[in-house]
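This report concerns only the one structure given below.
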Amino acid sequence: MTASLPRLQRGTTPRCGWPSDTFSIDYYVPFHDDVRIDVPHTVLVFVPGNPGLIEWYLSFFQQLLQRLGPGFAARGIAHAGHSLHPERIAPGSRSTTVAWTVEGQSMHKAAYVDHVLKEFREVAQKRRLARQPKLIFVCHSVGTFFTQQLLMRRADILARTELLIGLMPFIRMNAPWKQQILMDTLAAYQAATIRIHELLSLALSKLPRSWVDRIMSSSIPDLTARSVAIDLACQYHFVKSFFSLGLEEIRDLPETVNAAPLRQCPTALLFAGNDQWAPEHHLDDLQRLKEGKLIPETVEWEYDPRLRHDFVVDDKQIEAALDFCEKHIRQIHQKSRL
């Protein structure tokens with residue numbers, strides 16, 4: 001059977017009481033007189049950073065699936081309370097402990113992975129196949145930490161996970177001291193920080209879109225990525241979701257790398273230059289931790305000073321991140337076949 005090019009589909013699924021934006025990318029194959037999803041041997045599961053939208057990453061995963069070829073699929077979900085759609089942001093009667101806390105977002109991702117595994121289990125049963133796909137998590141920024149927490153809590157998911165990829169991983173604090181002082185101050189005065197940024201969002205929403213586009217053009221060169229950023233910046237209701245979660249990350253993320261899941265799951269980390277969320281001195285920390293056998297030999301990392309934390313806004317940087325992901329996925333896949 002010959003597979004087609006991978007197809008992207010967008011959707012929404014309720015997880016932990018929150019309607020959440022999702023995407024799926026699959027290869028399709030002829031099946032009798034129809035065309036059906038190709039049952040993969042490996043599913044890439046995406047966990048975003050903060051802001052936790054999927055829109056910035058769709059092209060990235062389409063390109064990655066094209067590189068990897070048939071046998072792979074991808075699934076991804078936005079954070080609870082993170083969306084371009086106002087009705088999916090405002091809590092209403094929904095639990096804010098899901099959307100506004102690190103633990104809640106980790107539980108939200110675990111619920112989504114259960115949903116994904118059920119989906120492929122049902123597909124395999126209909127085709128009378130024994131294959132159950134392995135998982136590879138591809139995470140950005142603090143999504144790496146959310147996934148570590150998920151794997152700590154869920155031994156069943158960890159057992160099916162072949163690899164954890166962290167792109168610009170925000171897995172611990174502190175930042176360089178000047179930046180840390182600023183972030184600690186913002187985190188200490190959460191209500192004021194949120195209110196100030198709500199007013200800024202309202203002000204931006206009153207400006208002509210072309211003006212906001214001009215303001216952002218130097219920092220976000222890609223037109224599609226910039227359009228998403230403009231929509232988000234002018235979304236007043238999103239400010240509280242973004243900062244409630246983000247300021248808890250600054251206050252509560254531990255100072256030590258939690259190595260428990262890493263001992264069973266190979267981990268590949270890509271660090272960028274001039275990154276306050278995953279600064280260069282964390283590389284020295286990781287090296288000392290590895291030399292002291294506090295983290296396992298299966299944790300690998302690379303540093304590329306040309307990259308930036310929000311790599312998805314620039315095509316050249318996307319290419320470098322794609323190269324990194326493809327290399328490590330192929331390496332782990334080759335080992336699993338030996």
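The values are calculated or read from the model by the stated rules, or taken from the named source; none is laboratory data. The structure displayed is predicted, hence computed values, not measured ones. When we count neighbours, we look across all protein chains shown, and the Cβ atoms used for this are built from the backbone with ideal geometry, even at glycine.
Of the numbered conditions (1) touching a Phe, Trp or Tyr at 6+ places or on another chain (Cβ under 9 Å); (2) of a type outside the set (Phe, Trp, Tyr); (3) closer than 22 Å to residue 313 by Cβ; (4) crowded, with 17+ Cβ neighbours inside 10 Å, residue 10 satisfies every one except a single condition; which is it?
Here residue 10 clears every test but (4).
Just wondering, is there one or more residues in the range 270-281 that are modelled with pLDDT of 95 or more, closer than 26 Å to residue 61 by Cβ, in contact with a Lys or Arg (Cβ under 6 Å, 6 or more places away or on another chain) and surrounded by 13 or more Cβ atoms within 10 Å (Cβ to Cβ)?
No - not one qualifying residue is present in the range 270-281.
Output the residues belonging to the range 86-142 that are within 27 Å of residue 308 (Cβ to Cβ), of a type in the set (Val, Ile, Thr) and in contact with a strand residue (DSSP E or B) (Cβ under 8 Å, 6 or more places away or on another chain).
Answer for the range 86-142, where residues must be within 27 Å of residue 308 (Cβ to Cβ), of a type in the set (Val, Ile, Thr) and in contact with a strand residue (DSSP E or B) (Cβ under 8 Å, 6 or more places away or on another chain): 136, 138.
Looking at the structure I just gave you, is residue 183 surrounded by 18 or more Cβ atoms within 10 Å (Cβ to Cβ), in contact (Cβ under 8 Å) with a residue 24 or more places away in the chain and part of a helix (DSSP H, G or I)? Let's see the steps before the verdict.
Values: surrounded by 18 or more Cβ atoms within 10 Å (Cβ to Cβ): yes; in contact (Cβ under 8 Å) with a residue 24 or more places away in the chain: yes; part of a helix (DSSP H, G or I): yes.
Yes; evaluated as a whole, the condition is true for this residue.
Is it the case that the range 2-21 has a residue that's within 17 Å of residue 135 (Cβ to Cβ), of a type in the set (A, V, I, L, M) and either at pLDDT 90 or above or in contact with a helix residue (DSSP H, G or I) (Cβ under 9 Å, 6 or more places away or on another chain) (or both)?
no
Just need a number here: residues in the range 274-305 that are assigned to a loop (DSSP other than H, G, I, E, B) and under 19 Å from residue 143 (Cα atoms). Outline the logic, then answer.
Of the range 274-305, the ones assigned to a loop (DSSP other than H, G, I, E, B) are 274-280, 292-298, 305.
From the residues that got through so far, the ones that are under 19 Å from residue 143 (Cα atoms) too are 275-280.
Count: 6.
Search the range 202-231 for residues being part of a loop (DSSP other than H, G, I, E, B) and within 22 Å of residue 309 (Cβ to Cβ), and hand back the single one that is modelled with the highest pLDDT.
Initially, the range 202-231 is screened for residues part of a loop (DSSP other than H, G, I, E, B), giving 207-208, 217-222.
If we keep only those that are within 22 Å of residue 309 (Cβ to Cβ) too, we end up with 217-222.
Details: 217: 87, 218: 82, 219: 81, 220: 84, 221: 82, 222: 81.
Across the range 202-231, the extreme among qualifying residues is 217.
Is there any pair with a first residue in the range 195-216 that is of a type outside the set (A, V, I, L, M, F, W, C) and a second that is surrounded by fewer than 14 Cβ atoms within 10 Å (Cβ to Cβ) whose Cβ atoms are under 7 Å apart and which are 6 or more apart or on different chains, and what are they?
Close Cβ pairs satisfying both conditions: none exist.
For residue 285, state whether it is modelled with pLDDT under 85, out of contact with any strand residue (DSSP E or B) (no Cβ under 9 Å at 6 or more places or on another chain) and either among the polar types (S, T, N, Q) or farther than 20 Å from residue 48 by Cα (or both). Even if it seems obvious, please write down each step before you answer.
Values: modelled with pLDDT under 85: yes; out of contact with any strand residue (DSSP E or B) (no Cβ under 9 Å at 6 or more places or on another chain): yes; either among the polar types (S, T, N, Q) or farther than 20 Å from residue 48 by Cα (or both): yes.
Here the answer is yes, as residue 285 does meet what is asked.
Let's see how each residue does on (1) more than 15 Å from residue 242 (Cβ to Cβ); (2) without any contact (Cβ under 8 Å) to a residue 40 or more places away in the chain:
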residue	(1), (2)
28	yes, yes
45	yes, no
52	no, no
60	yes, no
68	yes, no
81	no, no
88	no, no
92	yes, yes
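With under 24 Å from residue 332 (Cα atoms) and under 21 Å from the mean Cα position of the chain (by Cα) as the only criterion, which of 280, 300 stands out? Give the steps one after another, and end with the answer.
Details: 280 fails: under 24 Å from residue 332 (Cα atoms).
Exactly one of 280, 300 is under 24 Å from residue 332 (Cα atoms) and under 21 Å from the mean Cα position of the chain (by Cα), namely 300.
Give me the strands (runs of 3 or more DSSP E) completely within the range 28-125, filtered to those with at least 3 residues that are at pLDDT 90 or above, ordered by residue number. So that I can check it myself, show each step before the final result.
Details: elements: 28-31, 34-37, 42-47, 72-77.
Per the criteria, 42-47, 72-77.
Considering (1) modelled with pLDDT of 80 or more; (2) outside any helix (DSSP H, G or I), say which one residue 254 fails and leave the rest.
Among (1) modelled with pLDDT of 80 or more; (2) outside any helix (DSSP H, G or I), the lone unmet condition for residue 254 is (1).
Please enumerate the residues belonging to the range 61-97 that are in contact with a His (Cβ under 7 Å, 6 or more places away or on another chain) and surrounded by fewer than 22 Cβ atoms within 10 Å (Cβ to Cβ).
71, 86, 90
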